[in-house]
Amino acid sequence: MSNAYKRILVKLSGEALNGQKNKMILDNEKLQVVAKAIKSMVDEGVQICVVVGAGNIWRGKLAKDIGIEHSTADYMGMLGTIINSLALQSSFESVGISSRVMSSIEVKAVCEPYIKRKAIRHLEKGRVVIFAGGTGNPFFTTDTTAALRAMEMDCDSIFMAKNGVEGVYDDDPRKNANAKLIKNLTFTDIMTQKLEVMDSTAVALIQNSDIKIRVFNMDNTDNFLKVLHNEDIGSTVSKGE
Ligand code: GTP
């Protein structure tokens, strides 16, 4: 089956990679499942960027309780994304995907620094590029990193892979059993209705671009290919008319 995408950015939650069974920050089974899903898209000739969060390692919101200042907590989270990116790279390699980790915070001994034109060359050569280290600045989330890199890399779409929910709802589906899935929405809807898709900085950045965001449940890994083939699952966010 063909798809309409040339280049996409996949946003993964860090929490989706943790091991409930082994109580570790990372679970090999989960990493493998993600790697195989990414491979299924690479095999269709799509160029893939990846941004991963760090919620499996560190929650910035806890910082205040233990006396760590906000910006330091954010730097800790950014370092957490480098750990997750290296783990993802290993699992990608184990299923035969060529990939590069590029970090906005320089840690040259472990991965490449982020250089826009080099990242594009890697993508053109069929390598998956994992963008680590957030935006390189505190006070920004990995959603904002995803929006920023998707725009810089001129991606067609952001595939926002969620853990345990099918897409965007009008209320928290974990708390309200009657919450309704919203299939199509605009960036303005996210702001005005305070919908939990991505934070307002990320929305402000991407809202005038033509990049569409597909939000879907990654628990079923077939969903990655379904979204790639434009099947009617999850939610789609666009700038609207
Ligand atoms: P091209 O040869 O340009 O197509 O790309 P390449 O990435 O294969 O070549 P390069 O010589 O740049 O990199 C070879 C290996 O070294 C790759 O696995 C890179 O990820 C890695 N590498 C390149 N630069 C750095 C760096 O600054 N730090 C670290 N730790 N690894 C790097």
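Cα centroids of region 111-164 and region 43-60: 8 Å apart. Shown here for region 102-198: chymotrypsin sites (Phe, Trp or Tyr not before Pro) in loop regions (DSSP other than H, G, I, E, B) with at most 12 other Cβ atoms within 10 Å, namely Phe139. Just the protein heavy atoms count here, and of the accessible area of the chain at 1.4 Å, carbon and sulfur take up 49 percent. Loop-resident trypsin sites (Lys or Arg not before Pro) (DSSP state other than H, G, I, E or B) in region 30-78 with no more than 16 further Cβ atoms inside 10 Å of their Cβ: Arg59.
Rolling a 1.4 angstrom probe over the protein heavy atoms with all chains in place gives the chain an accessible area of 49 Å² per residue.
In this rough spin-label picture, where each label sits 7 Å from Cα along the Cβ direction, the Asp172-Val95 distance is 3.1 nm. Quick check: the distance between the Cα centres of region 90-108 and region 170-206, to the nearest angstrom? Cα centroid of region 90-108 versus Cα centroid of region 170-206: 31 Å apart. Value of Rg to Rh for the chain, rounded to two decimals, is 0.94; Kirkwood radius and Rg both from alpha-carbon coordinates.
Just want to confirm a number: the relative contact order over region 97-201, from Cα pairs under 8 angstrom separated by 6+ residues, in percent.
With pairs under 8 Å counted, the relative contact order is 19 percent.
In this calculation the C-beta distance from Lys194 to Lys61 is compared with R0 = 30 Å, giving a FRET efficiency of 0.95.
The values are calculated or read from the model by the stated rules, or taken from the named source; none is laboratory data. In this text, all values refer to a predicted model and were calculated from it rather than measured experimentally. Positions of Cβ are generated from backbone atoms using ideal geometry, with glycine treated the same way; all protein chains shown enter the neighbour counts. Heavy atoms of the whole protein, side chains included, go into the accessibility calculation; ligands, DNA and RNA do not. Shrake-Rupley method; radii C 1.70, N 1.55, O 1.52, S 1.80 Å.
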